[in-house]
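Notes for the one structure printed next.
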Amino acid sequence: MKTELLQLAADLARRREPFVLATVVRRESYSSAHQGDMAVITADGSYHGWLGGNCTQPVVRREAALALADGKPRLVSLSPEPAQQQRPGLVSLPMTCHSGGTVEIYLEPVLPSPRLLVFGESPGARALMQIGAAMGYAVEVGDPAAPRAGTAPYAVVATMGENDEESVLAALAARPAYLGVVASRKRFAQIRESLLARGVSAQALDAIRNPAGLDIGARLPEEVALSIVAEIVQVRRAAAEQPVASSGAQATEREEIDPVCGMTVAVATARHRATHAGRELYFCNPRCREKFLADPVRWLTPRAAEGGR
């Protein structure tokens with residue numbers, strides 16, 4: 001199992017697809033998980049591996065989504081008495097599996113290097129590629145005649161008068177979070193007017209950074225490239241500082257309670273459902289659904305879930 005999971009992780013990394021590698025680092029009886037058990041959770045919520053009973057999967061999926069959103073690892077504890085497990089750096093949540101026990105899972109987000117798309121063959125463009133690569137970016141050469149597929153978080157046009165408009169169009173097609181154009185204000189005004197006449201929206205053009213880069217008094221191509229990378233870092237870090245909802249915060253998505261085990265289930269991704277007396281019910285795993293269907297009245301009685309554990 002571990003070999004297969006590590007191979008899957010390697011394949012995802014090679015395809016530049018984000019994922020979370022989850023590992024059981026501690027357990028107490030009677031958890032069905034064992035120290036060293038692993039799982040890979042992809043960005044679409046697909047779950048590969050074993051971290052204990054099925055009732056742990058919705059929690060792990062939710063925490064994995066948070067880890068991918070903020071890019072930060074997290075240590076999650078599932079325990080019958082979460083208040084007693086609380087300590088700094090630990091996300092303490094209730095264990096609802098019938099077997100009980102405590103399990104701690106370390107979730108490590110694995111994110112692909114951000115793409116940096118550079119248009120141009122100028123000295124500044126070459127310097128930007130070198131600095132970008134040294135900073136860990138996946139640097140790609142932009143070709144206005146053959147735009148890259150997919151999105152590129154960061155793009156820079158440093159064509160210096162050659163195919164400027166076409167390069168800006170190709171860069172915009174990549175839907176970047178940052179697009180800088182290395183040109184004088186006068187030249188960029190000409191590019192802007194030309195692209196407006198070709199139907200490009202003013203909103204898209206207003207988002208372009210020109211002059212590209214932070215004002216550090218740069219003069220040499222290498223200095224200009226450094227100022228641009230610094231501005232990209234500024235944009236990237238500002239985006240990373242945007243708050244991500246924590247487990248204790250009120251979820252923005254609709255959630256329901258599994259009537260059998262009391263587990264919180266995200267409605268949008270719930271795979272186990274049943275309808276009773278016109279009411280839609282959601283379950284964290286197929287066994288809970290089977291128990292409910294065998295005796296719906298029992299599980300719809302107040303506090304039935306607690307009494308059945």
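Observations
- Counted residues, segment 1-15 - those being modelled with pLDDT of 90 or more and surrounded by fewer than 13 Cβ atoms within 10 Å (Cβ to Cβ): 7
- Residue check for Val24: more than 16 Å from the chain's Cα centre (by Cα), more than 30 Å from Pro144 (Cα to Cα) and among the β-branched types (Val, Ile, Thr): yes
- Residues of segment 184-208 that are touching a Gly at 6+ places or on another chain (Cβ under 8 Å) and surrounded by 18 or more Cβ atoms within 10 Å (Cβ to Cβ): Ile208 alone.
- Some residue of segment 25-36 being touching a residue at least 12 places away in the same chain (Cβ under 8 Å), in contact with an Asp or Glu (Cβ under 7 Å, 6 or more places away or on another chain) and under 20 Å from Val265 (Cβ atoms): no
- The residues in segment 260-288 that are in contact (Cβ under 8 Å) with a residue 24 or more places away in the chain, in a strand (DSSP E or B) and basic (Lys, Arg) can be counted, and the count is 0.
- Taking segment 154-177 as the range and being in contact with a Leu (Cβ under 7 Å, 6 or more places away or on another chain) and buried (at least 24 other Cβ atoms within 10 Å of the Cβ) as the test, the residues that pass are Tyr154, Ala155, Val156, Ala158, Val168, Ala171.
- Among residues of segment 17-34, those that are farther than 18 Å from Lys72 by Cα, surrounded by 12 or more Cβ atoms within 10 Å (Cβ to Cβ) and of a type outside the set (A, V, I, L, M), counted: 6
- Flag for Asp44 being outside the structural domain of Val265 (by TED's automatic domain parsing), closer than 21 Å to Phe283 by Cα, modelled with pLDDT of 90 or more and not aliphatic (A, V, I, L, M): yes
- Considering residues of segment 1-51 that are of a type in the set (Asp, Glu) and in a helix (DSSP H, G or I) only, the residue nearest to Pro153 (Cα to Cα): Asp11
- Verdict on Arg289 being over 22 Å from Val76 (Cα atoms), at pLDDT 85 or above and surrounded by 10 or more Cβ atoms within 10 Å (Cβ to Cβ): yes
- Any pair with Cβ under 9 angstrom, 6 or more apart, that starts in segment 91-111 at a residue that is closer than 17 Å to His34 by Cβ and among the charged types (D, E, K, R) and ends at one that is modelled with pLDDT under 85 and outside any strand (DSSP E or B): Glu104/Gln85
- Sub-9 Å Cβ pairs linking a first residue in segment 3-19 that is acidic (Asp, Glu) to a second residue that is in a helix (DSSP H, G or I), at least 6 apart or interchain, are Glu17/Asp11, ordered by first then second residue.
- Within segment 79-115, being aliphatic (A, V, I, L, M) and either within 23 Å of Ala9 (Cβ to Cβ) or not assigned by TED's automatic domain parsing to the domain that holds Asp11 (or both) holds for Val91, Val103, Ile105, Leu107, Val110, Leu111.
- From the list Gly213, Gly180, the one residue that fits, being at pLDDT 95 or above, at positive phi, buried (at least 19 other Cβ atoms within 10 Å of the Cβ) and not assigned by TED's automatic domain parsing to the domain that holds Arg287, is Gly213.
- Residue satisfying all of: in segment 57-111; among the acidic types (Asp, Glu) and surrounded by 19 or more Cβ atoms within 10 Å (Cβ to Cβ); farthest from Arg27 (Cα to Cα) among these: Glu63
The values are calculated or read from the model by the stated rules, or taken from the named source; none is laboratory data. Because the structure is a prediction, the values reported are computed rather than measured. Ideal geometry is used to build each Cβ from the backbone, glycine not excepted, and the neighbour counts take in all protein chains shown.
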